[in-house]
Structures are given as C-alpha cells and as structure tokens.
Amino acid sequence: MTSDIVCLSETHASSKDILFYNGYKCFTNCRQSKTNRVWGGLATFIKREILQGVKLIDKTMSDMMWFKLDKNYFGFEKNLFICSMYIPPSNSSYTMRTNCDKQIFEKLEQDITKFSLEGNIALIGDLNAHINVSESDYITNEIDDSLDDFLPINYIADAVLKSRSTEISQNTNSYGKQLIELCISAQLRILNGRTLGDSKGKVTFFNHNGTSIDDYCICSSGFLPSIINFSINKFDPTVSDHCPITVNIMSQINRQPPENLKTPLKCIKWSNEYENTFKLNLLKTDFQPIISEIESLAEIPVQNNLSSVEEKLMKMFLTYHLYCIMLLFLAQNDPRSGITKVNSEKLKNPTIIMNVKHNLEL
C-alpha cells in the first residue's frame, strides 16, 4: 500500500476491530449491530507524514466520512473536502428496512451545500449508481431561459467539452438519476470515462451476474485542473469483486515545523575569530552516529524504496546541517569554552519550513 489516502468500503468490521497498517493512521466508521453479524463499514488510512494537513470532520452517518485537506498545507487554492462513502444497493434488505439511501442522499446534499462555501468537494467510493453515457452532469453555455427559474443566481455554466465514455452500456438507475441531479446543482463532475487514465470508462464491478460501473470519483468542476489522472486498477477476485480506483492530485506540501521547535535560530555572521573555536568543536564532536546512519541507507533496496531513501537523506542533511550551525552558534556565544556535548535529540526535526512538490494519491 503506497497511496497517501486509502478509502475502503464494505469492510465488514465492527467497532471492536482494530485495523492497522504500518505508516498509516486508520479512521473507521462502522455500522451499529445488535447481533454479531456486521455489514458495510468504512475505513480510511492516511499516511502519518501528511496527518498534519488532514482532519476528520464528520462521521455522524455510518456510510459516510468527511475529511478536510487544508489548503495551506497542501498548496491548494481552496480547502478540499473529501467524502469517502458507500451507498448500499437499493434492493438490499438493509436499504429497504432502514431507507438509508434516502438519508444518505439528503445528508450528502446538505453537506455539499455547506462545505462548498469553504472549498472544493471530492466524493469517492462504491455508490452503486448506474449512469448511462448519454446523461450529462453539467449544463452547457447554451442559453436556456427555462433554467432561470431554478438555477442559483451565482451559477456559472462551465464549458465541459469532453463527454464521458463507458466500456459497457448500462441504464441509469434511481441512484444514478439522483447523482446526476446533484452534480448539476452543485457543479460536480464525474471523473470516470473522461479523465486521463480512464478515457474508456472501465468496468469497476464483476460478479456471477455480470459487470457494471459502480465505483466513482466525483469532484468540483473548479478542482479539475488539480486532477493529474484517474484510473481503474486491475481486478483481483481474490481480494474483492470491485476494482480499486485511484486518483492523483497535484499538490505542494508545506511541511510546518513542530510547535516546540518554532523558535528561530539566531542569525549568525561568520567571523575569523570564531574559526579556531568552530574547528575545535568539530574535533570534540562524535560523528560516528552520523556515519552509521548514512551507511545504513545502503541496506535499503533502492529500486523499491527510492522515495524513502530520498526522504531519509533530505532529513539527515537538514538535521546535520543544523547540527553544524548549532556548533557555530555555541562558538559565537562562548568562543572560549568550546563544546563537549550536543543534545542530538533536539535536532531530529530541524526548525525549517520545506515546500515540497508532492502528488497526492488517493
């Protein structure tokens, strides 16, 4: 698992189950059940290295989880609100007994209306919606006076020139109709079948009854320029009857320093009078831990973990660059004493703000 954010549907996990994957934090939303049997369930794994910019903001409904991706952290123009969701089939006993589909669409519409005021929207998951390729999820720029009565005053018709494609023909079901209406009213666009990586609109679901396109990623029209690609991954029947879907988002992560290390270092000016003391400090410092850490990188299989090696090297460079600055800082403040020990624990997370180009993968 390498994606930055991984959204799972139908986990069939209970609230007592602990889901874990190394390097990620897991957020779950499980259905309440009076019996030992469990249905549905959501789990979202988020890489710990980006947790600073992600916040779970709503899980009040068992089949939906809303996350906020901070615009300042990820370098977006606006905040991005991601909804990981699952809509049970309309003919399932659970749906017919609870009317959960009606509740889901009502809450989804309310949430989109609310969060759209603060940023862009992205919906991803198994929606069990069938949408015929002829259905449009947008309004063209053509003048249509009949629309003036129900469109918002600030509604701007966008020019989506590329129609969607689908690998198979399927009739629009009730979920599909509601989804199309929601897309039109909220200016959301379906990525399936019209995005780099999935120009054909590939099938996402396989079982003994046939195939269909059930899994979607839908986002605000204003966020489309930030979508690098969208793809339907290979079907693996030993894992699921659904294909994984992947969306890559353009971002520029702004890594903030920890709160306890935000005090900036004093500006240091080099002077010849500090040269001998600085050299003395270097001679008194044990650099063996640094050498050992660099040598340990050779044990990592680079072909599989190139990004990991780059990250470790960058962190080591920044840490020990700061280490040398600290030696100079101490030399400047007390040029007579030298230094016998530096607390390297305080230097593991250097006080440096990095702007790192990073493609976010869901």
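The values are calculated or read from the model by the stated rules, or taken from the named source; none is laboratory data. Computed from a prediction, not measured in an experiment: that's the story for all the values here. Counting neighbours? That spans all protein chains shown, and the Cβs are built from the backbone with ideal geometry, glycine included. Areas reflect the complete protein model, heavy atoms only, side chains present, ligands, DNA and RNA absent. Shrake-Rupley method; radii C 1.70, N 1.55, O 1.52, S 1.80 Å.
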Check your understanding: Could you give the length gained on full extension between THR2 and ILE291, defined as 0.36 nm per residue of separation minus the Cα-Cα distance, in nm?
Key -> 101.1 nm
Point to revise | Burial order of peptide ranges 212-218, 68-74 (average beta-carbon count within 10 Å, highest first) | key: 212-218, 68-74
Review point. Could you give the distance between the Cα centres of segment 47-66 and segment 212-234, to the whole Å?
Key: 19
Review point. Taking 0.36 nm per intervening residue step and subtracting the Cα-Cα distance, what contour gain separates TYR21 from GLU77 on full extension?
Key: 17.0 nm
Practice item. Sort 183-192, 277-286 for me by packing, meaning the mean count of neighbouring Cβ atoms within 10 Å per residue, highest on top. Key: 183-192, 277-286
Review point. Taking the Cβ-Cβ separation of TYR94 and GLN252 as r and a Förster radius of 35 Å, what is the calculated FRET efficiency to the nearest 0.05?
Key: 0.25
Review point. Just the accessible area for VAL38, please: 1.4 Å probe, Å², rounded to the nearest 10?
Key: 40
Revision key, fill the gap. Relative contact order of segment 43-126 (C-alpha contacts under 8 Å, at least 6 apart) in percent is 26
Review point. Considering only Cα-Cα distances, which of the following residue pairs are longer than 20 Å: LYS107/LYS177; LYS55/LYS114; LYS202/LYS234; LYS55/LYS102; LYS68/LYS202; LYS16/LYS234?
Key: LYS55/LYS102; LYS68/LYS202; LYS16/LYS234
Exercise for review: Assign one of three labels to segment 1-141, namely rounded, prolate or oblate, based on the Cα gyration tensor with a ≥ b ≥ c the square roots of its eigenvalues; rounded applies when a/c is under 1.5, prolate when it is not and a/b is larger than b/c, and oblate otherwise.
Suggested key: oblate
